[in-house]
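The values are calculated or read from the model by the stated rules, or taken from the named source; none is laboratory data. The model shown is predicted, which means the values in this text are computed figures rather than measured ones. Here Cβ is always computed from backbone atoms with ideal geometry, including for glycine, and neighbour counts include all displayed protein chains.
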């Protein structure tokens, strides 16, 4: 039986924002439609000694993103989804300028970021807000990505993961990533997805969580 991993049905596969401390639930579908990212990135080394840019994840269930690198700057967003991937693009003291999966940029205290890796599955395949509003609520089916039992398209398909779903990265090598996700039946499942179909890891990047 092939399981289906659904984005909006469970808390493990969506995230909340709070803007200017007014709570609102915003999924990728209600924000920007992402273009496929250009990963021709030249890495440098930041003041921390770690590469820039690089991917990290949120360590806490409540993380403030500020407009500048300091507590005196106002909160732009409040993330309440632990494990959400972020791309660190700049460093200033203990602060990190990050970019989230929908392209929002801001500053987060480094202690609220984790080296544990996670990914969003094909966020660029999410429909725009306008597109979602014109589709019958009973037929809002999102594109899916196959999860395989092994790092090969010739292996068995064990799950289909909806665009925008959040997954933990176990490891990545040879253009495949082993992911850990939760199915619509609350079943933890592990399998392999092509690396180029994920936001949260660079093509050809080797990852060992």
* Asked: Here are some residues: 161, 102, 108, 89. Which one is modelled with pLDDT under 95 and outside the structural domain of residue 204 (by TED's automatic domain parsing)?
  -> 102
* Asked: Can you spot a residue in segment 65-79 that is under 12 Å from residue 113 (Cβ atoms), assigned by TED's automatic domain parsing to the domain that holds residue 114 and over 15 Å from the mean Cα position of the chain (by Cα)?
  -> yes
* To do: Looking for whichever is modelled with pLDDT of 90 or more and in the same structural domain as residue 197 (by TED's automatic domain parsing) here; the options are 97, 153, 129, 140. Which one fits?
  => 153
* Structure fact -> Taking first residues from segment 184-198 that are outside the structural domain of residue 153 (by TED's automatic domain parsing) and more than 13 Å from residue 170 (Cβ to Cβ) and second residues anywhere that are at pLDDT 95 or above and buried (at least 17 other Cβ atoms within 10 Å of the Cβ), the pairs with Cβ under 9 Å that are 6 or more apart or on different chains are none
* Taking residue 29 as the residue in question, decide whether it is surrounded by 19 or more Cβ atoms within 10 Å (Cβ to Cβ) and either at pLDDT 55 or above or in contact with a helix residue (DSSP H, G or I) (Cβ under 9 Å, 6 or more places away or on another chain) (or both). => yes
